[in-house]
Structures are given as C-alpha cells and as structure tokens.
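Reviewing the structure listed below.
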Amino acid sequence: PKNLGWEPYVWKWLNERVDQTQGGMLKTLINKYWAKCVNYVVEGCLPSGEYFPKPATIVAITDLSATFQLCAMLDALVTEEKNIQEPTTLESYMVFCIIWSVGATLLEGSHRNGFDKFIKEISGVPVSSSKVVGAGSLPGALP
C-alpha cells in the first residue's frame with residue numbers, strides 16, 4: 001500500500017459517499033489542497049518542486065496516515081444530515097480538517113507558522129483582520 005500512495009484511498013472514499021454532488025466538490029478541494037499540504041509536511045516540498053528542510057513533527061506521519069485522518073474528520077463533520085452544498089462552506093470544512101489532520105502534527109512555533117502561511121497562500125481565500133471569521137475567509141491572527 002505504501003507504494004500506491006494516498007490517492008487510491010481517497011478516490012475509494014469519495015466514490016462511497018452517498019451524496020455524489022458533494023463528493024465531486026470534495027474531489028475538487030482535495031485536488032486543490034491535499035497533495036500540496038502532504039508534500040509540504042511529509043516531504044518538505046513546495047508546489048514548485050523546490051525542497052526545504054522538512055518541518056519538525058510531534059509524531060511521525062506518513063501521507064497515508066494523514067489521509068486516513070483527513071477522511072475520518074471529514075466523515076465526522078460533513079455528514080449527510082448537514083447536507084452541505086455551499087462550496088465556500090465545504091471549503092472551510094476542508095481547510096479546518098487539513099489543519100487538524102496534517103498541520104496538528106507540526107511542532108509549535110516556526111513549523112506551524114510556516115504551514116499556516118502556506119495554506120493561506122494556496123487557498124486564495126481572503127484573510128480577515130477580524131477576530132471572528134466565517135465561511136469564505138481565514139483568520140489573519142490568533143484570537
């Protein structure tokens with residue numbers, strides 16, 4: 001399984017979702033974020049292909065273990081009962097789950113700050129200076 005990477009697991013998980021419209025939106029978001037974030041944390045690789053010193057983690061993590069965590073969190077938060085169809089809301093859930101699945105493994109300080117900056121850059125979502133943010137924006141500072 002290690003040689004297959006995380007993609008087969010995600011595509012199986014997406015195909016098993018009851019709401020395939022939502023599954024299509026999740027697939028788009030996974031394509032936008034996941035490989036970039038996993039490569040950043042696990043490999044120390046930027047989207048440009050440039051390598052940098054791999055961020056230090058609290059616990060060892062693989063791309064597949066992070067993917068299991070991401071999918072489990074999305075299953076718990078993006079439920080059938082909630083029926084989330086709004087793309088900006090779904091993207092907010094995706095960013096939240098990415099931060100807590102792969103970003104939470106990083107040591108505090110410059111490692112987490114670097115990942116925070118990275119995810120804000122790749123999201124293209126406006127960063128708010130307000131202490132309270134909603135779907136469609138990201139916090140610019142700690143509360």
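Brief remarks follow.
- Residues being surrounded by 17 or more Cβ atoms within 10 Å (Cβ to Cβ) and of a type outside the set (A, V, I, L, M, F, W, C) - total across the range 28-48: 3
- Residues being modelled with pLDDT of 95 or more and either β-branched (Val, Ile, Thr) or in contact with a His (Cβ under 8 Å, 6 or more places away or on another chain) (or both) - total across the range 19-37: 2
- For the range 66-75, the condition of being acidic (Asp, Glu) and open to solvent by 70 Å² or more (accessible area, probe 1.4 Å) holds for at least one residue.
- Unmet requirement for Leu14, which otherwise passes all of (1) hydrophobic (A, V, I, L, M, F, W, C); (2) without any contact (Cβ under 8 Å) to a residue 24 or more places away in the chain; (3) open to solvent by less than 40 Å² (accessible area, probe 1.4 Å); (4) closer than 16 Å to Trp100 by Cα: (4)
- Top-ranked residue in the range 49-65 [being loosely packed, with under 15 Cβ neighbours inside 10 Å and hydroxyl-bearing (Ser, Thr, Tyr); ranked as farthest from Leu29 (Cα to Cα)]: Tyr51
- Residues within the range 76-122 that are acidic (Asp, Glu), open to solvent by 50 Å² or more (accessible area, probe 1.4 Å) and closer than 19 Å to Gly134 by Cα, tallied: 3
This table checks each residue for (1) in contact with a strand residue (DSSP E or B) (Cβ under 7 Å, 6 or more places away or on another chain); (2) assigned to a helix (DSSP H, G or I); (3) of a type in the set (Asp, Glu).
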residue	(1), (2), (3)
Ile61	no, no, no
Glu80	no, no, yes
Ala104	no, yes, no
Val125	yes, no, no
Val132	no, no, no
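- Qualifying residue in the range 132-139 (condition: under 18 Å from Val10 (Cβ atoms) and open to solvent by less than 60 Å² (accessible area, probe 1.4 Å)): no
- Scanning the range 3-15 for residues that are at pLDDT 95 or above and either closer than 18 Å to Ile122 by Cβ or not in a helix (DSSP H, G or I) (or both) turns up just one, Val10.
- Single match in Val38, Val78, Val102 (criterion: in contact (Cβ under 8 Å) with a residue 40 or more places away in the chain and within 16 Å of Arg17 (Cα to Cα)): Val78
- Only one of the numbered conditions (1) modelled with pLDDT of 95 or more; (2) in contact with a helix residue (DSSP H, G or I) (Cβ under 6 Å, 6 or more places away or on another chain) is not met by Val41, and that is (2).
The values are calculated or read from the model by the stated rules, or taken from the named source; none is laboratory data. This is a predicted model, so every value here is computed, not measured. Backbone-built Cβ (ideal geometry, glycine too); neighbour counts: all protein chains shown. Keep in mind that these areas ignore ligands, DNA and RNA; they rest on the heavy atoms of the full protein, side chains included. Shrake-Rupley method; radii C 1.70, N 1.55, O 1.52, S 1.80 Å.
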